[in-house]
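Report on the structure given below.
The values are calculated or read from the model by the stated rules, or taken from the named source; none is laboratory data. Only a predicted model underlies this, so the values are computations on that prediction, with no experimental measurement involved. All Cβ positions, even for glycine, are placed from backbone atoms using ideal geometry, and neighbour counts span all protein chains on display.
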Amino acid sequence: MIIKTFPLGLIGTNAYLLIDEETKEAIVIDLGGDFGVIQKELEKYGAVLKYILNTHGHFDHILGEREAQKIADVPVYVHEQDKYLVENLPKQLARFGFAENYESPENIRTFTESDTFKLGSHEIKVIHTPGHTPGSCCFLIGSSLFSGDTLFYTSVGRTDFEGGSFAQISNSIKEKLFKLDDSIDVYPGHDAKTTIGYEKKYNCYFGSENNLY
(Lines give C-alpha, C1' and ligand atoms only; values in the text may rest on other atoms or scores of the structure.)
Protein backbone atom coordinates (compact mmCIF):
# COMPACT_ATOMS: atom_id res chain seq x y z
CA MET A 1 0.00 0.00 0.00
CA ILE A 2 1.22 3.47 -0.91
CA ILE A 3 0.89 6.18 1.76
CA LYS A 4 1.43 9.82 0.81
CA THR A 5 1.33 12.74 3.26
CA PHE A 6 0.26 16.27 2.28
CA PRO A 7 0.21 19.12 4.85
CA LEU A 8 -2.67 21.24 3.54
CA GLY A 9 -5.09 24.03 4.38
CA LEU A 10 -5.21 26.94 6.75
CA ILE A 11 -3.12 25.38 9.53
CA GLY A 12 -1.15 22.62 7.83
CA THR A 13 -3.33 19.59 8.49
CA ASN A 14 -1.92 16.27 7.29
CA ALA A 15 -4.03 14.79 4.52
CA TYR A 16 -3.18 11.17 3.80
CA LEU A 17 -3.60 9.55 0.40
CA LEU A 18 -3.67 5.75 0.50
CA ILE A 19 -3.47 3.73 -2.70
CA ASP A 20 -3.84 -0.03 -3.09
CA GLU A 21 -1.22 -0.94 -5.67
CA GLU A 22 -3.10 -3.94 -7.05
CA THR A 23 -6.60 -2.53 -7.51
CA LYS A 24 -5.57 1.14 -7.90
CA GLU A 25 -8.31 2.04 -5.42
CA ALA A 26 -7.54 5.10 -3.30
CA ILE A 27 -8.90 6.89 -0.26
CA VAL A 28 -8.04 10.14 1.49
CA ILE A 29 -8.02 10.55 5.25
CA ASP A 30 -8.75 14.14 6.40
CA LEU A 31 -8.75 16.26 3.25
CA GLY A 32 -8.10 19.62 4.85
CA GLY A 33 -7.07 21.59 1.79
CA ASP A 34 -6.53 21.81 -1.96
CA PHE A 35 -7.77 18.67 -3.70
CA GLY A 36 -5.72 19.55 -6.77
CA VAL A 37 -2.56 18.25 -5.07
CA ILE A 38 -4.27 14.93 -4.39
CA GLN A 39 -5.71 14.76 -7.88
CA LYS A 40 -2.26 15.03 -9.44
CA GLU A 41 -1.08 12.07 -7.36
CA LEU A 42 -4.12 10.02 -8.32
CA GLU A 43 -3.37 10.67 -11.98
CA LYS A 44 0.30 9.85 -11.46
CA TYR A 45 -0.54 6.39 -10.10
CA GLY A 46 -3.58 5.80 -12.30
CA ALA A 47 -5.68 5.48 -9.14
CA VAL A 48 -9.37 6.18 -8.54
CA LEU A 49 -10.65 7.84 -5.38
CA LYS A 50 -13.18 5.61 -3.63
CA TYR A 51 -14.19 7.66 -0.57
CA ILE A 52 -12.94 10.13 2.06
CA LEU A 53 -12.54 9.18 5.72
CA ASN A 54 -12.45 11.72 8.54
CA THR A 55 -10.82 11.19 11.92
CA HIS A 56 -13.12 13.90 13.26
CA GLY A 57 -15.19 16.84 12.09
CA HIS A 58 -13.10 19.94 12.80
CA PHE A 59 -12.90 22.48 9.98
CA ASP A 60 -9.19 22.09 9.29
CA HIS A 61 -9.64 18.40 8.45
CA ILE A 62 -12.52 18.79 5.98
CA LEU A 63 -11.89 22.03 4.04
CA GLY A 64 -11.14 20.39 0.70
CA GLU A 65 -13.83 17.74 0.72
CA ARG A 66 -16.62 19.56 -1.09
CA GLU A 67 -14.13 20.52 -3.80
CA ALA A 68 -13.14 16.85 -4.13
CA GLN A 69 -16.77 15.79 -4.37
CA LYS A 70 -17.41 18.18 -7.24
CA ILE A 71 -14.66 16.43 -9.19
CA ALA A 72 -14.75 12.84 -7.97
CA ASP A 73 -18.34 12.49 -6.62
CA VAL A 74 -17.33 10.43 -3.60
CA PRO A 75 -18.96 10.01 -0.17
CA VAL A 76 -17.48 11.52 2.98
CA TYR A 77 -17.44 9.42 6.15
CA VAL A 78 -17.32 10.65 9.74
CA HIS A 79 -18.27 9.16 13.11
CA GLU A 80 -21.94 9.66 13.86
CA GLN A 81 -21.17 11.92 16.84
CA ASP A 82 -19.22 14.40 14.67
CA LYS A 83 -21.60 14.62 11.72
CA TYR A 84 -22.99 17.91 13.01
CA LEU A 85 -19.53 19.47 12.77
CA VAL A 86 -19.09 18.47 9.13
CA GLU A 87 -22.56 19.74 8.27
CA ASN A 88 -21.73 23.13 9.82
CA LEU A 89 -18.34 23.91 8.30
CA PRO A 90 -19.11 27.62 7.59
CA LYS A 91 -20.22 28.13 11.20
CA GLN A 92 -17.03 26.47 12.44
CA LEU A 93 -14.87 28.79 10.36
CA ALA A 94 -16.72 31.85 11.65
CA ARG A 95 -16.41 30.63 15.24
CA PHE A 96 -12.64 30.28 14.87
CA GLY A 97 -12.33 33.71 13.24
CA PHE A 98 -11.68 32.68 9.63
CA ALA A 99 -13.32 34.67 6.83
CA GLU A 100 -12.65 32.06 4.12
CA ASN A 101 -15.69 30.74 2.28
CA TYR A 102 -15.94 26.95 2.09
CA GLU A 103 -18.96 24.76 1.49
CA SER A 104 -19.81 21.85 3.75
CA PRO A 105 -19.35 18.43 2.13
CA GLU A 106 -22.41 16.63 0.81
CA ASN A 107 -23.24 12.92 0.81
CA ILE A 108 -22.06 12.65 4.43
CA ARG A 109 -22.22 9.11 5.76
CA THR A 110 -21.63 8.01 9.33
CA PHE A 111 -19.98 5.07 11.02
CA THR A 112 -19.39 3.67 14.50
CA GLU A 113 -16.56 1.68 16.05
CA SER A 114 -18.20 -1.57 14.97
CA ASP A 115 -17.79 -0.67 11.28
CA THR A 116 -14.85 -1.52 9.04
CA PHE A 117 -13.79 -0.19 5.64
CA LYS A 118 -11.98 -1.78 2.72
CA LEU A 119 -9.25 -0.53 0.43
CA GLY A 120 -8.47 -3.28 -2.02
CA SER A 121 -7.51 -6.28 0.14
CA HIS A 122 -6.74 -4.07 3.14
CA GLU A 123 -9.16 -3.85 6.07
CA ILE A 124 -9.49 -0.52 7.85
CA LYS A 125 -10.45 -0.82 11.51
CA VAL A 126 -12.22 2.04 13.28
CA ILE A 127 -11.04 2.86 16.82
CA HIS A 128 -13.32 5.36 18.55
CA THR A 129 -11.09 7.69 20.60
CA PRO A 130 -13.27 10.49 22.05
CA GLY A 131 -11.66 13.40 23.84
CA HIS A 132 -10.61 15.89 21.17
CA THR A 133 -14.19 15.73 19.88
CA PRO A 134 -16.98 13.32 20.83
CA GLY A 135 -16.60 11.46 17.54
CA SER A 136 -12.82 11.45 17.21
CA CYS A 137 -11.51 8.21 15.73
CA CYS A 138 -8.30 6.56 14.63
CA PHE A 139 -7.99 4.22 11.66
CA LEU A 140 -5.79 1.12 11.88
CA ILE A 141 -4.63 -0.34 8.57
CA GLY A 142 -2.14 -3.15 9.01
CA SER A 143 0.79 -1.66 10.92
CA SER A 144 -0.27 1.96 10.29
CA LEU A 145 -2.45 4.03 12.62
CA PHE A 146 -3.97 7.32 11.44
CA SER A 147 -4.55 9.11 14.72
CA GLY A 148 -6.11 12.44 13.71
CA ASP A 149 -5.89 14.90 16.58
CA THR A 150 -5.94 12.26 19.31
CA LEU A 151 -2.26 11.31 19.50
CA PHE A 152 0.66 13.41 18.25
CA TYR A 153 4.43 13.11 18.34
CA THR A 154 5.15 13.50 22.09
CA SER A 155 1.78 15.16 22.68
CA VAL A 156 -2.01 14.82 22.47
CA GLY A 157 -4.88 16.75 20.92
CA ARG A 158 -6.42 19.80 22.51
CA THR A 159 -9.42 19.24 24.75
CA ASP A 160 -10.49 22.83 25.37
CA PHE A 161 -12.85 22.98 22.38
CA GLU A 162 -16.58 22.27 22.56
CA GLY A 163 -17.12 18.57 23.31
CA GLY A 164 -13.51 18.02 24.38
CA SER A 165 -12.48 16.11 27.50
CA PHE A 166 -8.99 15.44 28.81
CA ALA A 167 -10.30 12.53 30.88
CA GLN A 168 -11.76 10.98 27.73
CA ILE A 169 -8.70 11.51 25.54
CA SER A 170 -6.47 10.10 28.28
CA ASN A 171 -8.62 7.00 28.52
CA SER A 172 -8.73 6.66 24.73
CA ILE A 173 -4.95 6.72 24.48
CA LYS A 174 -4.13 4.53 27.47
CA GLU A 175 -6.88 1.95 27.09
CA LYS A 176 -7.05 1.73 23.29
CA LEU A 177 -4.02 3.12 21.47
CA PHE A 178 -1.36 2.07 23.97
CA LYS A 179 -2.75 -1.46 23.89
CA LEU A 180 -1.57 -1.71 20.29
CA ASP A 181 1.81 -3.15 19.34
CA ASP A 182 4.78 -0.86 19.99
CA SER A 183 5.88 -1.17 16.36
CA ILE A 184 2.72 0.46 14.97
CA ASP A 185 3.51 3.59 12.93
CA VAL A 186 1.40 6.59 13.95
CA TYR A 187 0.40 9.13 11.29
CA PRO A 188 -1.07 12.14 13.16
CA GLY A 189 -3.30 14.97 11.99
CA HIS A 190 -0.46 17.49 12.37
CA ASP A 191 3.32 17.40 12.49
CA ALA A 192 5.61 14.38 12.44
CA LYS A 193 5.10 10.63 12.25
CA THR A 194 5.83 8.56 15.36
CA THR A 195 5.23 5.06 16.78
CA ILE A 196 3.14 3.65 19.61
CA GLY A 197 6.26 2.44 21.41
CA TYR A 198 7.92 5.85 21.22
CA GLU A 199 4.84 7.59 22.61
CA LYS A 200 4.50 5.09 25.46
CA LYS A 201 8.02 6.01 26.47
CA TYR A 202 8.39 9.69 25.63
CA ASN A 203 4.95 11.33 25.34
CA CYS A 204 4.94 14.33 27.65
CA TYR A 205 1.55 13.34 29.09
CA PHE A 206 1.92 9.57 29.39
CA GLY A 207 5.50 8.55 28.68
CA SER A 208 7.26 6.16 31.04
CA GLU A 209 10.31 8.46 30.94
CA ASN A 210 8.09 10.97 32.76
CA ASN A 211 6.79 8.32 35.17
CA LEU A 212 3.25 9.07 34.06
CA TYR A 213 2.36 5.87 32.23
Here the residues within the stretch 169-192 that are assigned to a loop (DSSP other than H, G, I, E, B) and among the acidic types (Asp, Glu) are Asp181, Asp182, Asp191
Test Asn88 against the criterion of being in contact with a Ser or Thr (Cβ under 8 Å, 6 or more places away or on another chain) and either buried (at least 18 other Cβ atoms within 10 Å of the Cβ) or within 18 Å of Ser136 (Cα to Cα) (or both), and give yes or no.
yes
Being within 24 Å of Leu93 (Cα to Cα), at pLDDT 95 or above, in contact with a helix residue (DSSP H, G or I) (Cβ under 8 Å, 6 or more places away or on another chain) and crowded, with 23+ Cβ neighbours inside 10 Å: is that true of Ala15 here?
yes
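To keep it simple, each residue is scored yes or no on (1) among the hydrophobic types (A, V, I, L, M, F, W, C); (2) free of Cβ contacts under 8 Å to residues at least 12 places away in the same chain.
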residue: Met1; (1), (2): yes, no
residue: Thr13; (1), (2): no, no
residue: Thr23; (1), (2): no, no
residue: Val37; (1), (2): yes, no
residue: Leu42; (1), (2): yes, no
residue: Tyr45; (1), (2): no, no
residue: Leu49; (1), (2): yes, no
residue: His61; (1), (2): no, no
residue: Lys70; (1), (2): no, yes
Total residues in the stretch 63-89, condition in contact with a Pro (Cβ under 7 Å, 6 or more places away or on another chain) and closer than 21 Å to Lys118 by Cα:
3
Count - residues of the stretch 91-125 that are under 24 Å from Gln168 (Cα atoms), without any contact (Cβ under 8 Å) to a residue 40 or more places away in the chain and buried (at least 17 other Cβ atoms within 10 Å of the Cβ):
2
Any chance you could count how many residues in the stretch 146-155 are out of contact with any His (no Cβ under 8 Å at 6 or more places or on another chain) and crowded, with 24+ Cβ neighbours inside 10 Å?
3
Give the residue that is nearest to Leu31 (Cα to Cα), with candidates limited to residues of the stretch 47-80 that are buried (at least 24 other Cβ atoms within 10 Å of the Cβ) and small (Gly, Ala, Ser).
Gly64
Condition check for Thr154: of a type in the set (S, T, N, Q), at pLDDT 95 or above and under 18 Å from Val76 (Cα atoms):
no
What's the number of the only condition in (1) assigned to a loop (DSSP other than H, G, I, E, B); (2) under 17 Å from the mean Cα position of the chain (by Cα) that Glu103 fails to meet?
(2)
With respect to Tyr205, is the statement that it is under 22 Å from Gly9 (Cβ atoms), in contact with a strand residue (DSSP E or B) (Cβ under 6 Å, 6 or more places away or on another chain) and of a type outside the set (Gly, Ala, Ser) true?
no
Quickly run through the stretch 132-168 and pick out the residues that are over 15 Å from the mean Cα position of the chain (by Cα) and either of a type in the set (Gly, Ala, Ser) or in a helix (DSSP H, G or I) (or both).
Gly142, Ser143, Ser155, Gly163, Gly164, Ser165, Phe166, Ala167, Gln168
